[in-house]
Each structure stands twice: as structure tokens, then as C-alpha cells.
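Here's the structure we're looking at; comments come further down.
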């Protein structure tokens, strides 16, 4: 009997922890030392490069916590990087990149970063705001035709996830089309059509609803105003100035090495599949980008502190509003999860978390190669919550948003 999954591309906000028993897998902890890039030294931007590793007691506790959660949540492989000025730097790899061969998880892998793409797309949009080429309170109808109630939905409401536009990734016909042919290439207009055939879910600005439809539209706005392809604009105006040389918005299924295999049960049958080379075009400006640990470590602080933007625009970005879920508020393509600023990402086979804690100038990056939920929860959220409960108990990461 064919089963169409209903959780595949729905928005989730996660809290409680449910863990299941599983077997052990290899793990490696890297302690910060002079010249060790992956311990955060050579590519650290000044926050803690000379700190060395965390204390032995904290390191041991984190090692055990990460390995326990990874095994219990059924995560094949994980990379966790933590940079804490005054305390030290930490990198832990655990598990496998390929379940068939047992190849260990790379220390600095490329991964599909899913909805973390939104932080790049919205940064591009806000750069155009700073250049006075568009305004956040402009209606989307000024830039894109055919948007339901587009005269009353603003760019700000799209970036805040408060437009009321139906999420195209929740449309059953879209899910069927994608999972019937994961190699299919979708254009932005094609995916929008799946959402636009539905009535809007609420009046513009009335409430929060996570919807990839919003970010596809913002990607089209960036292209129209800049006159460039979105990938080219992000490369020229976001990635190049910040020296993020291992980050890209792919045009197809290209995937730099080294990368782990990705595993998902978000299939028509519900069976686990290797989704490594699925085409991410359907997610485009909302979730198709690729990055690695080195770049995400740099990006966490850049996006949270507004390095590319004017202070006034960054202040607007970080003006977060309630989502209806405890401990989590959302701004312009960015969230605040109990003090941690940034975004998570989830796309079939991969999940990431990239966040920055301004109060401690700390950075956390998590990369795993599955998106199979545990008791209805994202495995990356389980891992981030567990790590922060140990490392920053006053600021426990306790929420995530996904719009795969």
C-alpha cells in the first residue's frame, strides 16, 4: 500500500525529548591547538583562537552526551563544533558518513543546509534595502505578479513568516510529484503554483506560520531588483565579502566532496532511502544551499551581528516576534531560541544548526546526515538541546523551525 507522508515538508517546532536505544559508533574529539583549523584556530575570526580546548571535565561530558544522543536518536553521523571564548573550542565527530561502507564522518564535511539558506537569501534582500533599492514594507505585488492578496502582503511579512500564504511544501500534489521523481528540476514558479492554488491561511501579519512560499518569493524579488540570478547575487554580495569559499547555491545535484551520504524515510513508501543526490531545486531560495563546517562557523557570527548590514537594518532583522512556541521567536529570516541567534536547516537526508550566543560570543554548529524524526522531533534539535544543556545551561537551545 502506498503511503503519502504528511510530515515531509511541514513546519515543526520541537520541545520534549524522546530517545531510543541503538548501537555504538566511532567518535573523535579534536582539542583546539595552534594551527588546527578544525579546532577553530586558523579560521577563527578572533573570538577564542588562543583559548585552547575546553576543560577535560567539560570535554568528557560533551563527548558522552553527543555520542549518547546520536546513538539513541539513530543518527548515522554527526559533527559538532563549539567555540566559547574564555572557555575554549571543541570539535567532535561521531558515526559514519556511509552506512554501507562504514566510512567515518568527515571532520569538515559539505552538507545540504536546508532552511539555513534563508539567512543568506534574507541577507541579500536586506543589502538591497540598505541600498534603497526596495523597502521592507513594499507589497510583494510590486515585484511578483499573481500572489494571492499580494497588494497587502509586504516583504517584511514574507521574511517574518507572517504572510498567510499557503506553504507549497504542504500541498499533497507537490509531495507526490517530488517523491515520485526526486531528481526532477522544479522552477520557482512551478513550486509557487502548488501553494497559490490554496486559499491564504490568515490575513497578512495576523500570526506566524512557517512557509517556504515566502522565501521563494523573496528570492524572485532579489533577482528582479538586482538583475542577477539569485545564486550569483549571493555569491558576489554575501559569500565573497565574507570569504565563505565553501558555500554555494547549486543549480542542480552538484555536491562537493567530501560529503556524507544522507538518509531519509520521507519517501512514498516510508522506507529509508539514500537521498544524497536528490535534486534540491524545489527548495531554491528557501533551502537548497550547501556549506561546510568552516564556513558555517564564520557565518554564525556574521549573520547574528549584521556584519554586512547597517546597524539600523540589522536591528530590524533581529526584532523578533512570538511564534506561539515557548522560547522561540522569529525575526527577518532568523530566530532567537532562548538567546541563540541563527537558524536550523532540514532537507531530506541532512540537518544542520548554526547559531550564535551574543551574551557569551559563543558559536554552535551541528551537522548530521539524517532527517528522520524521533518521536516527532528533529534529531538535530535533540542534539543541540543536549549540547547546550551541558555547555550553556542558562541558554538551552529549545526549538527549531523547518520548512523542507
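The values are calculated or read from the model by the stated rules, or taken from the named source; none is laboratory data. Predicted, not measured: the structure shown is a model, and the values here were computed from it. In this analysis, Cβ positions are derived from the backbone assuming ideal geometry, glycine residues included, and neighbour counts consider all displayed protein chains.
Structure notes:
- Among residues of the range 340-365 that are surrounded by fewer than 24 Cβ atoms within 10 Å (Cβ to Cβ), those with a beta-carbon under 7 Å from a residue that is modelled with pLDDT under 95 and not in a strand (DSSP E or B) at least six positions away or on a different chain give the pairs 361/47.
- Test: residue in the range 205-226 that is in a loop (DSSP other than H, G, I, E, B) and in contact with a helix residue (DSSP H, G or I) (Cβ under 6 Å, 6 or more places away or on another chain): yes
- Residue check for residue 329: surrounded by fewer than 20 Cβ atoms within 10 Å (Cβ to Cβ) and either in a loop (DSSP other than H, G, I, E, B) or in contact with a helix residue (DSSP H, G or I) (Cβ under 8 Å, 6 or more places away or on another chain) (or both): no
- Qualifying residue in the range 380-403 (condition: assigned to a strand (DSSP E or B), in contact (Cβ under 8 Å) with a residue 12 or more places away in the chain and either within 23 Å of residue 288 (Cβ to Cβ) or out of contact with any strand residue (DSSP E or B) (no Cβ under 7 Å at 6 or more places or on another chain) (or both)): no
- Residue match in the range 111-133 (condition: part of a strand (DSSP E or B), within 20 Å of the chain's Cα centre (by Cα) and in contact (Cβ under 8 Å) with a residue 40 or more places away in the chain): yes
- The condition of being crowded, with 23+ Cβ neighbours inside 10 Å, at pLDDT 95 or above and more than 12 Å from the chain's Cα centre (by Cα) holds for only one of 381, 388, that being 388.
- Residue among 230, 239, 268, 293 that is buried (at least 21 other Cβ atoms within 10 Å of the Cβ) and in contact with a helix residue (DSSP H, G or I) (Cβ under 6 Å, 6 or more places away or on another chain): 230
- Residue list for the range 182-204, restricted to those being under 24 Å from the mean Cα position of the chain (by Cα) and not in a helix (DSSP H, G or I): 182, 183, 184, 185, 186, 187
- Of the listed requirements (1) over 22 Å from residue 162 (Cβ atoms); (2) touching a helix residue (DSSP H, G or I) at 6+ places or on another chain (Cβ under 8 Å), residue 303 misses just one: (1).
- Any hit, the range 134-150, residues being on the phi > 0 side of the Ramachandran plot, part of a loop (DSSP other than H, G, I, E, B) and surrounded by fewer than 24 Cβ atoms within 10 Å (Cβ to Cβ): yes
- Out of 359, 346, sole residue that is part of a loop (DSSP other than H, G, I, E, B) and within 30 Å of residue 88 (Cβ to Cβ): 359
- Identity of the residue in the range 88-110, assigned to a strand (DSSP E or B) and free of Cβ contacts under 8 Å to residues at least 60 places away in the same chain, that ends up farthest from residue 368 (Cα to Cα): 88
- All told, residue 253 falls short of being part of a loop (DSSP other than H, G, I, E, B) and over 24 Å from residue 191 (Cβ atoms).
- Yes/no for residue 235 being closer than 22 Å to residue 176 by Cα and assigned to a helix (DSSP H, G or I): no
- Identity of the residue in the range 157-173, over 23 Å from residue 137 (Cα atoms) and crowded, with 23+ Cβ neighbours inside 10 Å, that ends up farthest from the chain's Cα centre (by Cα): 168
- Taken over the range 52-74, the criterion of being under 22 Å from the mean Cα position of the chain (by Cα) and at positive phi is satisfied by 74 alone.
- Residue in the range 14-30 that is modelled with pLDDT under 50, surrounded by 14 or more Cβ atoms within 10 Å (Cβ to Cβ) and within 30 Å of residue 181 (Cβ to Cβ) present: yes
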